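Quick one: the structure is below, questions incoming.
The values are calculated or read from the model by the stated rules, or taken from the named source; none is laboratory data. Computed from a predicted structure; not experimentally measured. Every residue, glycine as well, gets a Cβ built from its backbone with ideal geometry; the counts of neighbours run over all protein chains shown. With ligands, DNA and RNA removed, areas are computed over all heavy atoms of the protein, side chains included. Shrake-Rupley method; radii C 1.70, N 1.55, O 1.52, S 1.80 Å.
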Amino acid sequence: MAQYDFIIEGGRYFDGTGAPSSIRNLAIKDGRVARVTGEAIDHAEADRVIDASGKWVTPGFLDTHTHYDAELLVSPSLSESVRHGVTTVLVGSCSLSMICSEYEDASDIFTRVEAVPRERVLPILKEHKTWSTPKQWVEYIQQVPLGPNVISFLGHSDLGVGVMGLSRATDLAIQPTEEEMQTMERLLKEALEEGFLGLSTMCLKWDKVDGDREWSKSLPSTYAKWKEVARLNKLVRQYNRVHQGAPNAATPLQILQYVRECLGWLRRPLKTTLISQMDLKGSAYLTNLTRLTSVGSIPDRQELRGSGQGPGCARGRSVPGSGGGIRQEDPLVHHRG
């Protein structure tokens with residue numbers, strides 16, 4: 001019996017650490033890299049040999065902002081990403097997961113924002129969505145034939161609608177009751193226990209609800225008071241996970257709220273990533289604010305591990321955490337939809 005499943009021979013190898021590339025030979029066993037060497041590997045030691053001469057051999061890419069939440073249900077191989085070298089995808093961004101809310105609510109907070117036809121997404125959710133808790137979603141995802149690894153945020157719009165209903169969650173005059181807040185905390189805690197990456201929220205009001213019930217209202221997460229978000233962030237901080245936010249571009253000083261949340265003074269820093277077109281580097285004021293968040297932040301390379309083998313219900317690897325502070329994402333680069 002061969003020692004390895006296959007050999008990748010003569011490719012330019014990038015190890016992912018930033019070290020210079022070099023021509024290397026790799027041996028693969030049971031889906032993992034078992035050996036990397038500059039020396040020749042005997043072909044008899046493997047069932048198959050791949051000639052990678054003139055090609056690059058790299059670690060898999062992490063697509064850290066997709067909206068594959070519905071597509072996972074009908075095409076879990078996500079072959080369009082895998083064929084481009086993506087081995088891990090992140091779903092549940094922009095406050096939009098499909099975990100806690102009813103199937104029609106999940107569709108209506110998703111389709112207009114992501115510019116996908118409601119008449120396509122709604123039937124998919126109606127047919128497939130049998131879960132209403134993070135644990136149930138994990139159990140479902142672990143049974144489907146995934147192509148890449150999958151990690152997920154719990155979306156705040158999804159969470160709020162699941163607890164309060166779409167109409168109440170998009171009414172400025174209504175805030176969650178104490179009982180509803182406790183239910184949200186319970187569901188978020190369950191998600192974090194199951195390995196979700198954290199909580200995603202939305203303050204940008206130009207994303208709108210679809211359907212014929214609350215059509216054209218802003219996403220439910222935008223109706224939440226900051227004290228609600230801060231209360232949920234206590235759990236995210238406790239589990240050393242990530243808060244993904246999207247500030248309202250019309251009120252750039254709102255970033256102060258994120259700064260206050262992620263500061264690590266006298267408490268653990270809150271890992272924070274912002275989806276924003278604000279120029280954090282070009283503005284001296286915002287640059288100083290973001291630098292401030294790093295003072296007192298404790299770098300952390302702890303791996304997030306949930307049930308199974310990876311965070312957020314992934315079926316492979318764990319993803320290293322980062323230290324506290326604000327990181328900016330560009331939706332024009334990372335957004336799908």
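For the stretch 211-250, what are the residues that are under 19 Å from R168 (Cα atoms), out of contact with any strand residue (DSSP E or B) (no Cβ under 8 Å at 6 or more places or on another chain) and among the charged types (D, E, K, R)?
Selection gives D212, R213, E214, K225, K227, E228.
Let me confirm something: among E119, E104, which residue is free of Cβ contacts under 8 Å to residues at least 24 places away in the same chain, closer than 26 Å to S218 by Cβ and of a type in the set (D, E)?
After applying the criteria, what remains is E119.
Let me ask another. State which residue pairs qualify: first residue of a type in the set (S, T, Y) and inside the stretch 130-152, second residue at pLDDT below 95 and assigned to a loop (DSSP other than H, G, I, E, B) in any location, beta carbons under 9 Å apart, and separation of 6 or more residues or different chains.
Matching pairs, first to second residue: S152/A314.
OK, next. Could you tell me which residue of the stretch 103-122 is nearest to the chain's Cα centre (by Cα), considering only residues that are surrounded by fewer than 16 Cβ atoms within 10 Å (Cβ to Cβ) and assigned to a loop (DSSP other than H, G, I, E, B)?
A115
With the requirement that a residue be open to solvent by 20 Å² or more (accessible area, probe 1.4 Å) and either within 18 Å of the chain's Cα centre (by Cα) or of a type outside the set (S, T, N, Q) (or both), what does the stretch 244-275 give you?
A249, A250, P252, L253, L256, R260, L263, W265, L266, R267, R268
Starting from residues that are hydroxyl-bearing (S, T, Y) and buried (at least 24 other Cβ atoms within 10 Å of the Cβ), keep the ones in the stretch 200-243 and report whichever is nearest to K271 (Cα to Cα).
S200
Does P20 meet the test of being modelled with pLDDT of 95 or more and exposed (fewer than 15 other Cβ atoms within 10 Å of the Cβ)?
yes
Could you tell me whether any residue of the stretch 66-85 is touching a Lys or Arg at 6+ places or on another chain (Cβ under 9 Å), among the basic types (K, R) and open to solvent by 50 Å² or more (accessible area, probe 1.4 Å)?
Within the stretch 66-85 (the criterion being touching a Lys or Arg at 6+ places or on another chain (Cβ under 9 Å), among the basic types (K, R) and open to solvent by 50 Å² or more (accessible area, probe 1.4 Å)), the answer is no, since none of the residues qualifies.
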